[in-house]
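What follows is a short report on a single structure.
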Amino acid sequence: MNDDRQRVIEYVRPTIRRMEGYQSGEQPQGGKFVKLNTNENPYDPSEKVLEAIRVATGGGLKKYPDATAATFRSVAARHWNVAPDWILCGNGSDEILTILMRSFVGAGGAVRWPTPTYVLYPVLTQLQDGRADPVPFSPDWSLPEAFFRPCDGLRMVVVANPNSPSGTLVARDQIARLCESLPCPVVIDEAYADFARTSCIDLIRDYPNLIVTRTMSKSFALAGLRFGYVVARPELIEQMNKVRDSYNCDSLSIAGATAALDDANWLAQTIDKILATRTRLQSSLADLGFEITPSSANFVWCSHVSGNRAIYEKLRQHQILVRYMSYEGWGDGIRITVGTDDQADALITVLKQIL
Ligand SMILES: *Cc1c(COP(=O)(O)O)cnc(C)c1O
């Protein structure tokens, strides 16, 4: 029995055996938690999304979906003022990041990101047998000079903008300078950019190495649908197309994502509500003695002298889930998703009891 176990484990590539794998945030499937731990949008998606999915279901699921998600790409192309061949769709932007890594990073290739940031980047780099090149953010969460310096074997740079967990934004002129300074793809992960009402997609015309990823999971309230996309020069999209699975987006997600991107009013109204709650949440947390990093996203990164892990655990006992993050050599903090006003009030009420 033990011999079998040993033998089958050795079928697996050493790289995979050594890896820890990505730890996603807790996703309790029951309804009793106030869930502020994985930056979902607390509002229902646009009615038009549900209607489009109903229609797509009626059309029958027996046929394969459009392998290129052409309907979505034509809406997105109009939205961003590019041609459809500048866009490639994926099963969430996590899959897009996988496609980018597989396209650009081979064994020994270096991938750079500023730290602390999204913990998926190191995992994807490991899968490629690539080399991690993490560079700490400056204390004010800007990119330090070292980040702009080319190095041997650098194959890709990735910056979440706004960043997670900090919620901070790197200025557009710094992204432009990064593209000029580095001779490799510069991937800007704009998972939260709608909350900052900004994007650097328009810079792609000037900087051919710029690549921007977007997701429908956060601002469009469609985390369960799994749909993301990337905007880049068509020469790059053409190559990435060889790397992805042929039917990586299903008929329902293509229909839903297309309707969502088309409903600009829904997005504008939802962002307004979330930003108003964020302002309230930040000031309530400050009143309770939290040290807060001013956020450009739909979450707040904060820290309290009485101990972040203890606060996380006590909140959990009160059915409130937030994300506790600890980074080696850096420190820890609590990342709180901006939910509805009611959710923020529930959080603040419990914090007043436990602090
Ligand atoms: C949530 C998130 C994503 C991925 O979202 P998908 O649900 O896979 O589209 C990508 N990058 C960052 C920084 C995120 O926080």
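The values are calculated or read from the model by the stated rules, or taken from the named source; none is laboratory data. In this text the structure is predicted, and so the values were computed from the model without any measurement. Here the Cβ positions follow ideal geometry from the backbone for every residue, glycine too, while neighbour counts run over all protein chains shown.
May I ask you to say which residue of L88, L100 is surrounded by 14 or more Cβ atoms within 10 Å (Cβ to Cβ), assigned to a helix (DSSP H, G or I) and in contact (Cβ under 8 Å) with a residue 60 or more places away in the chain?
On the way: L88 fails: assigned to a helix (DSSP H, G or I).
Just one listed residue meets the conditions, L100.
Condition check ((1) over 25 Å from the mean Cα position of the chain (by Cα); (2) away from the ligand (no atom under 15 Å from the Cβ); (3) assigned to a helix (DSSP H, G or I)) across all residues:
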position	(1), (2), (3)
R7	yes, yes, yes
R17	yes, yes, yes
S24	no, no, no
G30	no, yes, no
N37	no, no, no
N41	no, no, no
L50	no, yes, yes
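Report whether or not I334 is touching a helix residue (DSSP H, G or I) at 6+ places or on another chain (Cβ under 9 Å) and in a strand (DSSP E or B).
Numbers: touching a helix residue (DSSP H, G or I) at 6+ places or on another chain (Cβ under 9 Å): yes; in a strand (DSSP E or B): yes.
Here the answer is yes, as I334 does meet what is asked.
Looking only at the range 212-236, which residues are aromatic (F, W, Y) and away from the ligand (no atom under 13 Å from the Cβ)?
Residues of the range 212-236 that are aromatic (F, W, Y), as a first pass: 220, 227, 229.
Correct list: empty.
Across the range 189-198, what is the total count of residues that are assigned to a loop (DSSP other than H, G, I, E, B) and at negative phi?
Going through the range 189-198, the residues assigned to a loop (DSSP other than H, G, I, E, B) turn out to be 190-192, 197-198.
Then drop every residue that is not at negative phi, which leaves 190-192, 198.
Final tally of qualifying residues: 4.
Which number in (1) hydrophobic (A, V, I, L, M, F, W, C); (2) buried (at least 23 other Cβ atoms within 10 Å of the Cβ); (3) over 24 Å from D332 (Cα atoms) marks the one condition that L127 misses?
(2)
Restricting the range 103-123 to residues that are without any contact (Cβ under 8 Å) to a residue 60 or more places away in the chain and among the aromatic types (F, W, Y), which is nearest to the ligand (Cβ to nearest atom)?
Initially, the range 103-123 is screened for residues without any contact (Cβ under 8 Å) to a residue 60 or more places away in the chain, giving 105-114, 117, 121-122.
Then keep just the ones that are among the aromatic types (F, W, Y); that gives 113, 121.
Values: W113: 10, Y121: 9 Å.
In this case the residue turns out to be Y121.
Could you say which residue among S253, S181, S219 is touching a residue at least 12 places away in the same chain (Cβ under 8 Å) and touching a Ser or Thr at 6+ places or on another chain (Cβ under 9 Å)?
Working: S253 fails: touching a Ser or Thr at 6+ places or on another chain (Cβ under 9 Å); S181 fails: touching a Ser or Thr at 6+ places or on another chain (Cβ under 9 Å).
Result of the check over S253, S181, S219: S219.
Does the range 201-211 include one or more residues that are touching a residue at least 40 places away in the same chain (Cβ under 8 Å), out of contact with any strand residue (DSSP E or B) (no Cβ under 8 Å at 6 or more places or on another chain) and within 10 Å of the ligand (Cβ to nearest atom)? Let's see the steps before the verdict.
Of all residues in the range 201-211, those touching a residue at least 40 places away in the same chain (Cβ under 8 Å) come to 201-202, 204, 211.
From what is left, the residues that are out of contact with any strand residue (DSSP E or B) (no Cβ under 8 Å at 6 or more places or on another chain) are 202.
Now narrow it down to the ones that are within 10 Å of the ligand (Cβ to nearest atom): none.
There is no residue in the range 201-211 that is touching a residue at least 40 places away in the same chain (Cβ under 8 Å), out of contact with any strand residue (DSSP E or B) (no Cβ under 8 Å at 6 or more places or on another chain) and within 10 Å of the ligand (Cβ to nearest atom).
Against the condition assigned to a strand (DSSP E or B) and either within 12 Å of the ligand (Cβ to nearest atom) or over 22 Å from V338 (Cβ atoms) (or both), how does P134 come out, does it pass?
Yes; evaluated as a whole, the condition is true for this residue.
Has the range 287-295 got any residue that is in contact (Cβ under 8 Å) with a residue 24 or more places away in the chain, more than 23 Å from D341 (Cα to Cα), in a loop (DSSP other than H, G, I, E, B) and out of contact with any Ser or Thr (no Cβ under 6 Å at 6 or more places or on another chain)?
no
List, please: which pairs have Cβ atoms under 6 Å, are six or more places apart or on different chains, and start with a residue in the range 227-248 that is under 13 Å from L97 (Cα atoms) and end with one that is polar (S, T, N, Q) and more than 15 Å from the ligand (Cβ to nearest atom)?
M240/S103; V243/S103
Are any of the residues in the range 54-69 farther than 20 Å from E238 by Cβ, at pLDDT below 90, of a type in the set (G, A, S) and in a loop (DSSP other than H, G, I, E, B)?
Within the range 54-69 (the criterion being farther than 20 Å from E238 by Cβ, at pLDDT below 90, of a type in the set (G, A, S) and in a loop (DSSP other than H, G, I, E, B)), the answer is yes, since at least one residue qualifies.
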